[in-house]
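This report concerns only the one structure given below.
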Amino acid sequence: MKQTTLTYKLVMAATGLFLCFFLVIHLLGNLQLLLPESEAREQFNWYSHLLSGNILIKIISYVLYLSLIGHAFYALVITKKNIKANGSSYVYDKRSQVSSWNSRNMGILGTIILIFLIIHFKDYWYEYKFGSLPLDAKGNKDLYSIVISSFQQGWYIIIYELSFLALGFHLLHGFFSASRTLGLYHPKYARVVRFFGWVYSILITLGFMLIPIYIYFNLNAL
């Protein structure tokens, strides 16, 4: 049983670290949205076309999909195993004294992120793959227009911001948990791991949160 749980945690750690890497690439691509409108449209649509047409990128995208599914599935399996193992034998729950808030609420955070991903894939990925998008001046599908349109809606931005706050807390705990599972959280460089984990989580979270806010207020000010 312990060996099986360890295997699940290793899968969680591996898929989680791959998703962390993907988030960096995704953020760098999305930062193009902050460019002036004409330049942003051309570059972002070209970038989207590159991601959908390159065979290497397609292979990586399949790894991404499998990582998302595997990460969510094994998270659910581990959670159910923990609940079953703990049962109701603990009358007093003192975890709050030794663990952080986000580590005790990874299930809630993960659920928020999952709901957001469903919305995100529906609005962007599905529309790009199967929708009837107009073409820009370069002949690429105009995904930029859909993104900008969604970021002009206050309710969508609220969902987006809350989801990335949840992701930030999820990343912070997940990064440390993965490093421990993979044996990287050694006392000699624990401070370095913690520092990198905090910096990474903050930059990714704030980076994604900045984009819709900037677009919303910048466009509405025009």
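The values are calculated or read from the model by the stated rules, or taken from the named source; none is laboratory data. Note that this is a predicted model, so its numbers are computed, not measured. All Cβ positions, even for glycine, are placed from backbone atoms using ideal geometry, and neighbour counts span all protein chains on display. These accessible areas exclude ligands, DNA and RNA; they are computed on the full protein's heavy atoms, side chains included. Shrake-Rupley method; radii C 1.70, N 1.55, O 1.52, S 1.80 Å.
Summary table below
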item	result
All helices (runs of 4 or more DSSP H) inside segment 105-222 with 2 or more residues being open to solvent by less than 20 Å² (accessible area, probe 1.4 Å) and in contact with a helix residue (DSSP H, G or I) (Cβ under 9 Å, 6 or more places away or on another chain)	106-120, 143-150, 154-181, 190-220
Any pair with Cβ under 8 angstrom, 6 or more apart, that starts in segment 30-41 at a residue that is within 11 Å of Y144 (Cβ to Cβ) and ends at one that is aliphatic (A, V, I, L, M) and open to solvent by 30 Å² or more (accessible area, probe 1.4 Å)	A40/L34
Inter-residue pairs, beta-carbon under 8 Å, first modelled with pLDDT of 90 or more and in segment 159-185, second surrounded by fewer than 20 Cβ atoms within 10 Å (Cβ to Cβ) and of a type in the set (S, T, N, Q), 6+ apart	F169/N102; F169/N105; H170/N102
For F169: the one exception among (1) over 17 Å from the mean Cα position of the chain (by Cα); (2) within 16 Å of G16 (Cα to Cα)	(1)
Some residue of segment 42-59 being of a type in the set (S, T, N, Q), open to solvent by 80 Å² or more (accessible area, probe 1.4 Å) and free of Cβ contacts under 8 Å to residues at least 40 places away in the same chain	no
